[in-house]
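Data first, discussion second: the structure below is written as structure tokens.
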């Protein structure tokens, strides 16, 4: 700086405030020019301090920007940035032995604090006016200050790296620098908070506010790990300004950056919370709520709750600008839910920690979901057709869908349509109907179903709330949604149930079956009939034994229980059991579900058909060629005998005669040679296990010979399982002494062989069959003779005493289940791709021929049905009263009040007849 300029500064330094005020117009331009041209930091700071301390108080608010701020503040930013660069260049030589670099760096840091102090002076001066300034009047101030704040906070954040482990040499100044910056930002935000823009604001003012908001967002990303209070307050102001000027700035804000940053901060604080909670639990500090660790946990939880609520509020106000970021919101939801029970990766925490964590993160997720529900892009993300999630997010996804299901009832029609129907046009982004997505998600929660995870059940009739399985929880929620489902979406629900029953995962099919049965009970009897006819036709269509037949057969078995007696007879008429092709239907029906009339008709037809098939077989020249037909009727005969309660019933006696005829014609040698006879033998064994009390000893001996042949040739598992059921049933009978030598030794031998089988399936069933036999038999010698081998005896004793040889620890079991999951999925996919299975296309053809009638609409008040019901009730009551009065007329007089009450009823009837809606 020249000697003349130095003299000017020295002279000005001696001036009084009055002199400064008088010379402002002439000197201020010279000072701003000096500050702009100054080459050294010291000169710049000296001029800057003179201007802010001595002349700033005399500048009118209307002249601040043009005469001062626009000229001095940009230069201050440039100098500040050059100081930062110098620190980076000089910090390499910093050491306790080398004093010169240390002194230089400390001088720079002190100079930076002086610049910040000068800016604070500017803020305080502008804030001293009673009326808030226009933004145009100070537009350079917030822009330049925010740049310097960003540089300062960034330097403080990176200080450990920048100073390479020698930060202790300047730590005091860094701390002072941070405090000055903290104070400057606080003052600036308070000043900006006083400023207001209306709808007539200029484009420049709107641009300035947008710049402030984005600059604060940038600062937020820097200070997230520096100071909790500063971070929270900065975010609060950012959101407050965004909402304050919403109509002005909403089209200019970087909504993606703001919402993404909120999500990142929420997840960061949440994961910190979880880690701190686990540390507190492991260190057994949960009781000491005054410990530093617990206080830090509480502060972090508070920040987590703040970010969660802020995100919800921001989405609420700017949701239509955030549609591109729904995938991010979806991931946040899943990540948070995955850390809470019943998720398998959720930490086990104490009650106090869990409650605070729930309030901080879990509770706001319901509010978040409520804001996202109306957004089509969110639905497209959540129920997309090919959603691929990590294993730990499968259960959270399932619970998310359950939550959506629970909230839809209160949503407008357009939101319900968005979720319930799925995509309907080719130009739409493909999305599944909500119910189908839920079944698909449940199917993928294999490990959680096997553990099983537990969720809170529904509290009923004042009983304590219990924990229920995932299947139970989802079933209750699905049934509740069906009860309130608008009729227009019922066809979509039917298709979803239909698809779920026809897919390979059995437990998912069971869930769909549960919901389908509730639907049948909740709907009309006619709806139930149509569904049963549809299912029965599909069962009849299955020409091969496939998993779809098993699933649909189970559904049919349960649905028949829900039919009226007349409709059960209608089912019998549609699928008469006298036709062989209809036996595929009746083998899946429990006869105890039928009315007496329908049951008698089915039993009579099946036994008659079985007897005819047996006669045809006996008269055939090539009997083996007729065995397939015999097996078909035997399978249906099994349904008949399973439904009987008394061994004396006529159908039981008829079945026993049929079984006896077949057993006496069975040859153990033929069983070994002809596989078709193994199927016949399997059915005879199941039948004989039920009819054993009606069978003659000679027939039992023949059956044991055939079982011996089965065991000796090591045939497939299914016939051997039937043999075990038959062997277990023999405990119910007493073998006559003259036949014991033929039966008991063979029985002991068969049990001994099957108990020693190496197949885990046969071995387990053999243990069960032997224990059932041993519980009821009178021939105890069979028990001891079956256990001649010590190893077999030990296994039986361990089974009966429920001894567990090796218990799998929880972690190992979870790892095993996770490894099993892809294998099971692959197996299910293989089943579904099997060409012999019933395809959805084939099933759809059947459905199209038997389109069920729609679900009844929920009845409003004043419907014809309700009129009829109430009038019938009134008529019945009045007729009963009439009978009572006539009966008492010959005995004693009615009560005195009866006449007046009847007059009141007469008046009520008159009022009803003259009501407006009756005219």
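Any read-out appearing in this document is the output of simple, stated calculations on the displayed coordinates, not a laboratory observation. Predicted model, so just to flag it, every value in this text is computed and none were measured. In this analysis, Cβ positions are derived from the backbone assuming ideal geometry, glycine residues included, and neighbour counts consider all displayed protein chains.
The Cα-based radius of gyration and maximum Cα-Cα distance (Dmax) for the range 52-128 are 16.3, 53 Å.
Rounded, prolate or oblate: pick one for the range 651-690, where a ≥ b ≥ c are the square roots of the eigenvalues of its C-alpha gyration tensor, a/c under 1.5 means rounded, and failing that, prolate if a/b is larger than b/c, else oblate.
Numbers: a/c = 3.12, a/b = 1.97, b/c = 1.58.
Cα axes put the range 651-690 in the prolate bin.
Between the Cα long axis of helix 363-372 and the first principal axis of the chain there is an angle of about 90°, rounded to the nearest 10. What's log10 of I(q)/I(0) for the range 538-580 at q = 0.20, 0.24 Å⁻¹, Debye sum over Cα points only, no solvent? Per q value, in the given order, log10 I(q)/I(0) is -0.74, -0.95. Just how far, in whole angstrom, is the range 186-264 from the range 8-76 if you go by their alpha carbon centroids? Spelled out, the Cα-based centre of one part sits 31 Å from the other.
Helix 697-712 and the long axis of the chain differ in direction by around 50°, with both axes built from C-alpha atoms.
In this structure, residue 327 and residue 813 have a Cβ-Cβ separation that, at R0 = 35 Å, corresponds to a calculated FRET efficiency of about 0.55. If you wrap the range 126-244 in the convex hull of its Cα atoms and look at it from every side, the mean projected area works out to 7.8 nm².
Kirkwood analysis of the Cα pair distances in the range 780-825 returns a hydrodynamic radius of 13.5 Å. Cβ-Cβ distance of residue 16 and residue 204, R₀ of 35 Å, FRET efficiency by 1/(1 + (r/R0)^6): the value works out to about 0.40.
Regarding the range 500-582, what's the average projected area of the Cα-atom convex hull, expressed in nm²?
Details: hull surface 20.8 nm².
The orientation-averaged projected area of the Cα hull of the range 500-582 comes to 5.2 nm².
Each 10 Å bin from zero up to the one holding the largest Cα-Cα distance in the range 69-173 carries the following percent of pairs: 13, 42, 25, 14, 5, 0. Extension gain for residue 914-residue 780 works out to 39.8 nm (0.36 nm per residue, less the C-alpha to C-alpha distance).
Remark: the Cα gyration tensor places the range 502-642 in the oblate category, a/c being 1.5 or greater and a/b not exceeding b/c. Between residue 129 and residue 790, the contour length at 0.36 nm per residue exceeds the alpha carbon distance by 227.9 nm. Here the range 499-550 and the range 775-831 have alpha carbon centers that stand 33 Å from each other.
Taking 25 Å as R0, compute the FRET efficiency from the Cβ-Cβ separation of residue 732 and residue 698 and round it to 0.05.
E(calc), rounded to 0.05, equals 0.90.
Could you give the distance between the Cα centres of the range 684-746 and the range 586-633, to the whole Å? Taking the Cα centre of each part, the range 684-746 and the range 586-633 sit 23 Å apart.
What order do you get for 84-95, 251-262 when each peptide is scored by the mean count of other beta carbon atoms within 10 Å, highest first? Numbers along the way, then the final one.
Numbers: 84-95: 14.2, 251-262: 18.3.
Answer by packing, highest mean first, reads 251-262, 84-95.
Once both labels are positioned 7 Å from their Cα atoms along Cα-to-Cβ, the gap between residue 597 and residue 427 label points is 5.7 nm.
Packing around the peptides 299-305, 54-60, 21-27, taken as the average count of other Cβ atoms within 10 Å per residue, puts them in this order, highest first: 299-305, 54-60, 21-27. Rounded to the nearest angstrom and listed largest first, the equivalent-ellipsoid semi-axes of the chain from its Cα gyration tensor are 83, 40, 24. Pairwise Cα separations in the range 1-58 fall into 10 Å bins from 0 onward with the following percentages, short to long: 24, 62, 14, 0. Enter the angle in degrees (range 0 to 90, nearest 10) between the Cα long axis of helix 70-90 and the first principal axis of the Cα atoms of the chain, meaning the one along which they spread out most. On a 0 to 90 degree scale, this one is about 70.
At 0.36 nm per residue, and after removing the present C-alpha to C-alpha distance, how many nm does the segment from residue 759 to residue 897 gain when stretched out fully? Walk me through the numbers on the way to the answer.
Details: separation 138, 0.36 × 138 = 49.68 nm, distance 8.19 nm.
This chain segment gains 41.5 nm when fully extended.
Beyond 19 Å, what share of the Cα-Cα pairs of the range 326-394 remains, rounded to the nearest whole percent?
Numbers: 922 of 2346 pairs.
Every Cα pair in the range 326-394 considered, those over 19 Å come to 39 percent.
Calculate for the chain the 222 nm mean residue ellipticity that helices alone would give, adding -39,500 (n - 2.57) per DSSP H run of length 4 or more and normalising by residue count, nearest 500 deg cm²/dmol.
Numbers: 43 runs with 635 residues, N = 919.
About -22500 deg cm²/dmol.
Working from label points 7 Å from Cα in the Cα-to-Cβ sense, the residue 385 to residue 741 distance is 7.4 nm. Is the range 13-104 rounded, prolate or oblate when judged by the Cα gyration tensor, a ≥ b ≥ c being the square roots of its eigenvalues, rounded requiring a/c under 1.5 and prolate requiring a/b larger than b/c? Prolate.
At a temperature of 37 °C and a viscosity of 0.692 mPa s, determine how fast the range 290-354 diffuses translationally according to Stokes-Einstein, using the Kirkwood radius over alpha-carbon pairs as Rh; express D in µm²/s, rounded to the nearest whole number.
Working: Rh = 14.0 Å.
Translational D for this selection: 234 µm²/s.
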